[in-house]
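Working notes, structure below.
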Amino acid sequence: MDAIIFQTKHADLQEIAKKVLHNQRITSEEAILLYEKGELGFLGSLANAIRESRHGSITYFNRNFHIEPTNICVFDCKFCSYSRLLKQKNEGWELTEEQILEKVRSYNGKPVTEVHIVGGVHPKMGLMYFAELIKKIKEIRPEIHVKAFTAVELEYMCRKAHVSFEEGLSILKAHGQDSLPGGGAEIFDEELRSEIAGDKCTAAEWLEIHETAHKLGMPSNATMLYGHKETYAHRVDHMNRLRELQDKTGGFNTFIPLKFRNKGNQMSHIPEVSVIEDLRNYAVARIFMDNFPHIKAYWPMIGRSTAQLSLSFGVNDIDGTIDDSTKIYSMAGSEEQTPVLTTRQLVDMINQAGKEPVERDTVYSTIRNYKTHPILADEI
Ligand code: V47
Ligand code: SF4
């Protein structure tokens, strides 16, 4: 990285770049400076240099699908366009166990490696219901990786079942759950969190659940909802709490910034941030989160064009095929109203951005490198 010149008119940012090039960790104050003053090209080239030094031009994706058992939710987060309270039950959905298992069976013979299960927090779908469900999913598809339940769902399940987080997670693990997704983190600042996410699990509980999962050998991801009412200091505080936990456990795989989308929710009056801000945010995340191996751009939320651009701003993962199996972002106004990409489309997108497409499993083991093993004419 030493030979690269990072152009900025700010002397203090030049000093930060030097630190990064010498593999020194930047402070929260320096991250705030990057947000406040960093030019797009400067942030992008610095973040890309970090990305290239760790992963070269490899860009990961996976073949996955989502199951959203219900959108009925006991909580009422102001940014959520997806959930329905129990009293609006006729506008929501509740899949039966058989419908969920049928969905899993519909992938028989298809090369998916991961199922991502998240949904609303339904008062009647408890810990043992989900534990048994996972066991049945594994009976149908023993090798599939089950990445399931945000810390918000887990906190509620454990509380209702009167078990500790460790007991609850151990039960789920024993029934076949492999890892945790990163949702429910929103923004950790206590005041802002209670303003936009009501009384759902606290920041401390979110972090405790992930720490417990890591201790039990279940890796996880972490998200941050940005582009609403938060300040740069809130973003950095959020990332710093994650960076500190990662120092302790090393159990996080990837950090996923989630852009607030404003359609059909109680915060629709707040305009969405620009693509420039999305790219600057990915870049600062890559520079600051020095102990997170991967940064993911979740294309159903950010749109495929911005996801492609993000690959030059520190991002090295664009999630997966999805197969039109999630509604969270289409209901919030994402440009991706039917989120489905074939493997060929993902490979093309990554190639077009000048990067190297690699199919991974959930824990980032390589399944196929499409540079060395290009997609064949009859593959989709
Ligand atoms: O926690 C809800 C977010 C999250 C909106 O771990 C919104 O691999 C923006 O966490 N605008 C759930 N965001 C999704 C999630 C996730 C997605 C993909 C991959 C992984 C992973 C995790 O969606 C929620 C919340 O932060 N969300 N509504 C909205 N209007
Ligand atoms: Fe429920 Fe999650 Fe929506 Fe909040 S973000 S209302 S917890 S589904």
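The values are calculated or read from the model by the stated rules, or taken from the named source; none is laboratory data. In this text the structure is predicted, and so the values were computed from the model without any measurement. Backbone-built Cβ (ideal geometry, glycine too); neighbour counts: all protein chains shown.
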Phe79, sole failed condition from (1) at pLDDT below 95; (2) within 16 Å of ligand 2 (Cβ to nearest atom): (1)
Whichever residue in the stretch 92-143 is within 16 Å of ligand 2 (Cβ to nearest atom) and among the charged types (D, E, K, R) and, among such residues, is nearest to Glu68 (Cα to Cα): Glu94
Residue among Arg241, Arg193 that is within 16 Å of ligand 2 (Cβ to nearest atom), part of a helix (DSSP H, G or I), of a type in the set (Lys, Arg) and in the same structural domain as Met301 (by TED's automatic domain parsing): Arg193
Pair list, Cβ < 7 Å and 6+ apart or interchain, from the stretch 116-128 residues that are touching a residue at least 40 places away in the same chain (Cβ under 8 Å) to residues that are of a type in the set (S, T, N, Q) and surrounded by fewer than 20 Cβ atoms within 10 Å (Cβ to Cβ): Gly119/Thr70; Gly120/Thr70; His122/Thr70; Met125/Thr70
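If I go through the stretch 193-215 residue by residue, how many of them are at pLDDT below 95 and crowded, with 20+ Cβ neighbours inside 10 Å?
Of the residues in that region, 0 qualify.
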Residues that are assigned to a loop (DSSP other than H, G, I, E, B) and under 21 Å from Asn253 (Cβ atoms), drawn from the stretch 307-324: Leu311, Phe313, Gly314, Val315, Asn316, Thr321, Ile322
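Being small (Gly, Ala, Ser), surrounded by 13 or more Cβ atoms within 10 Å (Cβ to Cβ) and away from ligand 1 (no atom under 12 Å from the Cβ) narrows it down to one residue among Gly109, Gly92, Gly120; which is it?
Gly92
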Condition broken by Glu102, with the remaining ones in (1) free of Cβ contacts under 8 Å to residues at least 12 places away in the same chain; (2) within 16 Å of ligand 1 (Cβ to nearest atom) satisfied: (2)
Meets criteria (in the same structural domain as Phe130 (by TED's automatic domain parsing), away from ligand 1 (no atom under 13 Å from the Cβ), within 22 Å of Tyr364 (Cα to Cα) and among the basic types (Lys, Arg)) for Lys173: yes
Candidate set: the stretch 36-73, residues that are in a loop (DSSP other than H, G, I, E, B) and within 15 Å of ligand 1 (Cβ to nearest atom); chosen: the one nearest to His122 (Cα to Cα): Cys73
